[in-house]
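One structure is given here, and the rest of the page talks about it.
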Amino acid sequence: MLGQRLPVRLPDGRLVDYANLDYAATAPCLAAAAAAVNELLPWYASVHRGAGVASRRCTAAYEEARERIAAFVGARADDHVVFTRNTTDAMNLLARILPAGTTVVAWAGEHHANLLPWARTVRLPLPGSPDEAVGALAATLPALDGPALVTVTAASNVTGELWPVAALTEVAHRHGARIALDAAQLVAHRPVSLADSAVDYLALSGHKLYAPFGAGVLAGRADWLDAAPPYLAGGGATAYVGEATGDVRWYDGPARHEAGTPNLLGVVALAAACDELSRVDPGVLEARELALVRQLRSGLSRLPGVAELRMFDADQDRVGIVSFGVASVPAAAVSAHLADRHGIGVRDGLFCAHPLVRRLLADSSARLGQPLGDTAVRVSIGLGTTVEHVDRLLAGLRELV
Ligand code: PLP
């Protein structure tokens with residue numbers, strides 16, 4: 001991984017290795033992703049638009065990347081994999097392809113990317129448990145008219161907690177609804193499979209998957225994608241354009257929604273990162289990450305005036321993301337202290353999930369019996385995180401509290 005030993009100069013003049021604990025925002029670049037980009041760069045040319053050798057190589061690389069990413073997300077043979085800029089773009093594309101009259105059901109715990117794109121939506125209150133989420137969905141769907149889409153984050157970008165995707169999928173399908181997964185935070189931590197899970201759509205961002213070259217994906221059922229007007233109108237999406245306004249025949253398939261010159265290097269980097277992650281035993285990755293999460297959470301639980309944010313029980317399955325408040329110190333001051341005194345990168349704020357973080361801060365304040373302020377600190381763990389990084393973070397927090 002690039003940037004694994006990044007010396008940073010602190011304001012007091014000390015030089016320390018940077019401890020990146022902000023993978024959930026953007027993960028560093030895998031060497032394999034950078035190598036794939038470097039290998040292709042001398043050949044860099046147009047995609048789907050040239051007869052020359054370089055263009056043909058780039059076109060092939062683009063479409064092979066699509067196949068490799070389809071394999072990574074366990075796409076069904078007849079699913080489409082559409083390239084987007086990121087998860088936000090993928091969710092907005094999904095919002096645009098919904099059949100007329102579709103109601104979108106989402107919970108208040110979503111990232112804004114999965115909360116704001118929907119025109120006609122039912123927002124369910126934050127559940128106190130996975131079972132409550134499943135029950136609320138089962139109670140809501142029968143009352144809806146017309147097509148319905150349930151959309152849920154696979155792993156919370158605030159708490160790391162996993163949502164009960166299998167049970168929600170079963171309920172959605174039992175009531176004739178489809179289900180979309182915001183997998184932005186899941187895919188770097190756990191294997192996914194559209195085919196095995198029966199989930200209908202999945203969105204992800206390359207820059208959270210160790211491929212920081214600006215590509216994302218919406219993968220899933222072809223019928224809605226092929227029936228909808230193109231997400232972007234323009235060259236590359238058109239099979240025929242006549243003289244008269246509106247005389248246009250659009251392609252079916254991913255090209256329908258990918259007008260304009262595509263982000264070749266982004267998708268090639270993303271495919272390389274997917275291949276690399278697929279080579280690692282997921283059990284080994286998970287065990288390593290959960291050990292770091294245990295170290296982090298048990299350290300936090302021993303700090304006075306510090307409370308972790310969570311939706312569900314403390315032992316809910318989760319990925320390596322933990323947010324917390326510190327009663328005596330504003331979150332921005334905590335993260336500045338960690339950066340300036342210890343060379344640690346974390347994030348503070350509301351993490352593009354304003355309703356969720358506000359609610360969890362209120363809950364945690366009540367549990368703690370002290371107000372935690374109006375923003376939180378988020379620590380997120382990835383492939384380059386070490387025991388020393390977590391120790392350093394806990395030591396830095398101890399100084400503050
Ligand atoms: N969904 C979740 C759960 C996220 O964590 C994020 C980013 O933090 C997004 C969606 C949006 O991703 P992007 O900013 O890459 O569009």
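Of the residues His389, His354, His207, the one with the largest accessible area comes first in the ranking His354, His207, His389, computed with a 1.4 Å probe on protein heavy atoms. A 1.4 Å probe over all protein chains sorts Leu361, Leu368, Leu2 by accessible area into Leu2, Leu368, Leu361, starting with the largest. Taking Cα centroids, how far is the range 299-361 from the range 107-136 in Å? What the calculation gives is 22 Å, centre to centre.
For the options Ala70, Ala25, Ala35, a Gaussian network treatment of the chain with springs between C-alpha atoms closer than 10 Å singles out Ala35 as fluctuating the most.
In the chain, what percentage of the DSSP-assigned beta bridges are antiparallel, given to the nearest 5? Spell out each step's value before the answer.
Numbers: 28 of 47 bridges.
If I count the DSSP bridges inside the chain, around 60 percent turn out antiparallel.
Which one, Gly343, Gly146, Gly384, has the greatest fluctuation when you compute a Gaussian network model over the chain with C-alpha springs under 10 angstrom? Residue with maximal mean-square fluctuation among Gly343, Gly146, Gly384: Gly146. The fraction of accessible area contributed by carbon and sulfur in the range 50-131 is 54 percent, rounded to a whole number (1.4 Å probe; ligands and nucleic acids excluded). For the chain, the calculated P(r), taken from all Cα-Cα distances in 10 Å bins from zero up to the bin holding the longest distance, is 5, 22, 30, 25, 14, 4, 1, 0 percent.
Taking only protein heavy atoms and a 1.4 Å probe, what accessible area per residue, in Å², does the range 31-278 have with all protein chains in place?
Values: 9540 Å² over 248 residues.
For the range 31-278, the solvent-accessible area averages 38 Å² per residue.
With both labels modelled 7 Å from their Cα along Cα-to-Cβ, the Ala333 to Arg120 distance reads 5.0 nm. Using a simple spin-label model with pseudo-atoms 7 Å out from Cα toward Cβ, Glu132 and Asp78 lie 4.0 nm apart.
Net length available on complete extension from Arg398 to Glu243 is 48.8 nm, with 0.36 nm assigned per residue and the Cα-Cα distance removed. For the range 243-268, backbone nitrogen atoms closer than 14 Å to the point 7 Å from Trp43 Cα along Cα-to-C-beta are found at 264-265, 268. Pairs of Cα atoms in the range 80-177 fall into 5 Å distance bins, from 0 up to the last occupied one, in shares of 2, 13, 24, 24, 22, 11, 3, 0 percent. Length available on full extension from Leu232 to Arg358: 0.36 nm per residue minus the Cα-Cα distance, which gives 41.8 nm. Solvent-accessible surface (1.4 Å probe) assigned to Ile321 amounts to roughly 0 Å². Taking the charge dipole of the range 77-183 about its Cα centre, with +1 at Lys and Arg Cβ atoms and -1 at Asp and Glu Cβ atoms, the residue from Pro142, Gly128, Leu93 reaching farthest to the positive side is Leu93.
State to the nearest 20 debye the size of the charge dipole of the chain about its Cα centre, where the only charges are +1 on K and R beta carbons and -1 on D and E beta carbons.
Values: 35 positive and 41 negative charges, 140 e Å.
In debye, rounded to 20, the chain gives about 680.
Estimated at 0.36 nm per residue, the fully extended path between Leu285 and Asp315 surpasses their Cα-Cα distance by 8.9 nm. Within the full protein context, the accessible area of Asp196 is estimated at about 140 Å² for a probe radius of 1.4 Å.
Each of Thr261, Leu285, Ala237 was scored by the projection of its Cα onto the charge dipole of the range 237-312, and the greatest displacement toward the positive side belongs to Leu285; charges sit on the C-beta of Lys, Arg, Asp and Glu. Here the accessible area of the range 334-376 is 51 percent carbon and sulfur, with a 1.4 angstrom probe and all protein chains present.
The values are calculated or read from the model by the stated rules, or taken from the named source; none is laboratory data. These figures come from a predicted structure and were not determined experimentally. We place every Cβ from the backbone using ideal geometry, glycine too, and count neighbours over all the protein chains shown. All accessible areas refer to the heavy atoms of the entire protein, side chains included, with ligands and DNA or RNA removed. Shrake-Rupley method; radii C 1.70, N 1.55, O 1.52, S 1.80 Å.
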